[in-house]
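Here is the structure we will look at.
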Amino acid sequence: MPVRTLLIGTEVALGNGAGNGSNFDNATVVRVFNDSGADRVISVAKSTTSGYANTATCTMHANHIEFFEKGAQDHIFANGASVLGTKVGFTG
């Protein structure tokens, strides 16, 4: 049986830098679309008792879609304003 994407939230910009990140309403899976026309760095900041720490980064190619799994309180952000994210789930 194919896995399908369940849209849970509205697509919004990931922000341009750590201070503009979002946890996407406590999402554990975020669909990310790099609409910037250039490669961008995607970062997930792990929620800690003293704030946030960057624990993971990767380069995402232009015009590419990827699904990122993260902790509910973790923030995800990009180094460009034209990267969009949506809270999603999966159905079988």
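Values for this structure:
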{"item": "Solvent-accessible area per residue for the chain (1.4 angstrom probe, square angstrom)", "result": "56 Å²"}
{"item": "Simple spin-label estimate for Val3 and Glu69 in nanometres, 7 Å along Cα-Cβ", "result": "0.7 nm"}
{"item": "Inter-site label distance for Glu11 and Cys58 at 7 Å from Cα along Cβ, in nm", "result": "2.0 nm"}
{"item": "Charge dipole (debye, nearest 20) of the chain; +1 at Cβ of Lys and Arg, -1 at Cβ of Asp and Glu", "result": "120 debye"}
{"item": "Fraction of accessible area attributable to carbon and sulfur, the range 1-66 (%, probe 1.4 Å)", "result": "49 percent"}
{"item": "Cβ-defined net charge surrounding Thr59, 15 Å radius [Lys, Arg +1; Asp, Glu -1]", "result": "-1"}
{"item": "(i) 15.2; (ii) 13.1; (iii) 14.8, with the label sought being that of the calculated Kirkwood radius over Cα pairs in Å", "result": "(ii)"}
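The values are calculated or read from the model by the stated rules, or taken from the named source; none is laboratory data. All values derive from a computational prediction rather than experimental measurement. We place every Cβ from the backbone using ideal geometry, glycine too, and count neighbours over all the protein chains shown. In case anyone asks, the SASA skips ligands and DNA or RNA and just uses the protein heavy atoms, side chains included. Shrake-Rupley method; radii C 1.70, N 1.55, O 1.52, S 1.80 Å.
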